[in-house]
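The values are calculated or read from the model by the stated rules, or taken from the named source; none is laboratory data. As the structure is a prediction and not an experimental result, all values here were calculated from the model. Glycine also receives a Cβ, built like all others from the backbone with ideal geometry; neighbour counts cover every protein chain displayed. Just so you know, the surface numbers come from the protein's heavy atoms only, side chains and all, with ligands and any DNA or RNA stripped out. Shrake-Rupley method; radii C 1.70, N 1.55, O 1.52, S 1.80 Å.
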Amino acid sequence: MLDTKLYTLLQVYESGSFVRAAEKLSITQPAVSHHIKMLEDELNIKIFERCNGKLVVTRQGEEVIKCSKKLLGLYNSLRQNLSDSRTLVSHLTIGVTHTAESNPIAEALAKYCASQQNVNVKLITNNINNLYSMLKSYEIDLAVVEGRIADPNIRYLLLDTDYLVLAVSVNHPFAKRSMVTLNELKKERMILRLPESGTRNLFVAHLESNNMSISDFNVILEVDNMATIKDLIRRDFGVSILPRSVCLDELKKKKIAVLPVENLSMMREINIASPADFTQFDVLNGIVKSYNETVKIYK
């Protein structure tokens, strides 16, 4: 069993308060303080500091928390693996970005699980930075991400290639066009993902390569949820830059039209990321096969 002090540390970090951590752990606030003090004494560092009345994690404290998450993730993974070996059922936690959540990956995973009686998947959604953090700390087993980062501790399996397109209502004048220029796009009401999203960042990077800025465009709304953006497009409230993969169902049902933007070749990979020590290759291959079969339906 892991040291109880580590559970206390992570609860303080997540709640941002000794008092709230005590409530969630059902122990007293002095006991929480004692656990943290013992950790600080053992490691000879300061984990938390007070700044303007708020609890702030020190630089060394961040390292302790990162390591504690990894230890907890490994311990939980061990417990799950031992349980799976007894029941002959594999439990996997897979993280996806908000973009991947709206493309065929969820349907593909559902089909894969339906075809495998001994596989159970928990699907969670988060931004790409958090998914990588959770992957490194073994809080999730796999992550479906756009692109890849240079990290020897992470292995990638190519799932698909995707590209960003201009998505418009089927009633929009652009719907019958084969391409639109950037100058034409400047005149449109734009509904975009939030600035921290990979889709938004890829669009901005290509604008900058054309000596343009996002401020040159009429962005009327920023939305985190992909389904909400598509609904607003269908109702002609604006246009958006979206991955083509998230529009497949709407394209098949002719609810949305998509077209390229001149001089913007916004391609990227969709990958399954896993820790370098992940060895369930049959699962990875099964997911890829299910995804390919699912995508065929929309073509």
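Pick from Ala150, Ala257, Ala21: which is most flexible by mean-square fluctuation in a GNM of the chain where alpha carbon atoms under 10 Å apart are linked?
Fluctuation is largest for Ala150.
State whether segment 83-134 is rounded, prolate or oblate according to the following rule on the C-alpha gyration tensor (a ≥ b ≥ c being the square roots of its eigenvalues): a/c under 1.5 gives rounded; otherwise a/b larger than b/c gives prolate, and the remaining case gives oblate.
Note, shape of segment 83-134 comes out oblate.
Local charge sum around Lys255 (other residues, Cβ-Cβ under 10 Å, Lys/Arg +1, Asp/Glu -1)? Before the final figure, lay out the partial values.
Working: positive: Lys230, Arg234, Lys252, Lys253, Lys254; negative: Asp231, Asp249, Glu250.
Spelling it out: positives minus negatives among the neighbours equals +2.
What FRET efficiency do you get for Glu262 and Ile220 if R0 is 22 Å and r is their Cβ-Cβ distance, rounded to the nearest 0.05?
0.50
Quick one: helix 105-115 against the long Cα principal axis of the chain, what's the angle to the nearest 10°, folded into 0 to 90?
Once rounded, the angle reads 70 degrees.
Where in segment 226-274 are there trypsin sites (Lys or Arg not before Pro) that are in a DSSP coil and have at most 16 other Cβ atoms within 10 angstrom of their Cβ?
Arg235, Lys253, Lys254, Lys255
Could you give the distance between the Cα centres of segment 222-288 and segment 153-200, to the whole Å?
Result: 9 Å between the Cα centres.
Can you compute log10 of I(q)/I(0) for segment 121-169 with the Debye formula, treating each Cα as one identical point scatterer, at q = 0.19, 0.21, 0.23, 0.33 Å⁻¹?
Calculated log10 I(q)/I(0) at the listed q: -0.73, -0.84, -0.96, -1.47.
What does the charge count near Asn183 come to, summing +1 for each Lys or Arg and -1 for each Asp or Glu among other residues with Cβ under 13 Å from its Cβ? Present the calculation step by step, with values, prior to reporting the outcome.
Details: positive: Lys186, Lys187; negative: Glu184, Glu188, Asp216, Glu262.
The answer is -2.
Please state the relative contact order of segment 1-114 as a whole percent: Cα pairs under 8 Å, 6+ residues apart?
Relative contact order here is 18 percent.
Compute the length gained on full extension between Arg79 and Phe237: take 0.36 nm times their separation in residues and subtract their Cα-Cα distance, giving the result in nm to one decimal.
51.9 nm
When ligands, DNA and RNA are left out and all protein chains stay put, how many square angstrom of accessible area per residue does the chain have with a 1.4 Å probe? Present the calculation step by step, with values, prior to reporting the outcome.
Details: 15970 Å² over 299 residues.
I get 53 Å² per residue for this part.
Once you compute Rg and the Kirkwood Rh from C-alpha atoms, what is the Rg to Rh ratio for segment 195-299?
1.03
Mind pulling up the Rg/Rh value for segment 1-85? Radius of gyration and Kirkwood radius, both on Cα.
1.02
Between their Cα atoms, which of Lys70/Lys111; Lys37/Lys122; Lys186/Lys253; Lys70/Lys122; Lys186/Lys252 are more than 25 Å away from each other?
Violating the 25 Å limit, Cα to Cα: Lys70/Lys111; Lys37/Lys122; Lys186/Lys253; Lys186/Lys252.
Expressed as an acute angle from 0 to 90° and rounded to the nearest 10, what is the orientation of the C-alpha long axis of helix 198-209 relative to the principal long axis of the chain?
Around 60 degrees separate the two axes.
Would you please give the FRET efficiency between Ala175 and Glu269, computed as 1/(1 + (r/R0)^6) with r the Cβ-Cβ distance and R0 = 30 Å, to the nearest 0.05?
Taking R0 as 30 Å, the efficiency between Ala175 and Glu269 is 0.60.
Over the chain, what percent of the accessible surface lies on carbon and sulfur atoms, probe 1.4 Å?
On the way: 7990 of 15970 Å².
With neighbouring chains kept in place, the figure for the chain is 50 percent.
Only helical DSSP H runs with n ≥ 4 go in: add -39500 (n - 2.57) per run for the chain, normalise by residue count and round the 222 nm mean residue ellipticity to 500 deg cm²/dmol. Numbers along the way, then the final one.
Details: 12 runs with 136 residues, N = 299.
Theoretical 222 nm ellipticity from helices: -14000 deg cm²/dmol.
Taking segment 41-99, which trypsin sites (Lys or Arg not before Pro) meet the DSSP loop condition and have no more than 14 other C-beta atoms within 10 Å?
Lys46
Two-decimal Rg/Rh of segment 169-231 from alpha-carbon positions, Kirkwood Rh?
0.96
How many nm is it between the label spots at Val19 and Asn52, if each spot is 7 Å from the Cα in line with the beta carbon?
Output for this residue pair reads 2.0 nm.
Under 10 Å, Cα contacts only: if you run a Gaussian network model on the chain, which one of Leu92, Leu25, Leu264 comes out with the highest mean-square fluctuation?
Ranking Leu92, Leu25, Leu264 by mean-square fluctuation puts Leu25 first.
Calculate the spin-label point distance for Lys37 paired with Lys122, positioning each point 7 Å from the Cα along the beta-carbon direction, and give it in nanometres.
Computed distance between label sites Lys122 and Lys37 equals 3.5 nm.
Any chance you could get the radius of gyration and Dmax over the Cα atoms of segment 120-254, in Å?
Spelled out, the Cα radius of gyration and Dmax of segment 120-254 are 16.7, 49 Å.
R0 = 51 Å: FRET efficiency of Ser213 with Arg86, Cβ-based, nearest 0.05?
About 0.35, to the nearest 0.05.
Which order do the peptides 205-217, 277-289 take when ranked by the mean count of other beta-carbon atoms within 10 Å per residue, highest first?
By packing density, highest mean first, the sequence is 277-289, 205-217.
Find the Cα radius of gyration of the chain, compare it with 2.2 N^0.38 Å by division, and give the number to two decimals.
Taking the Cα Rg and dividing by 2.2 N^0.38 Å, one obtains 1.19.
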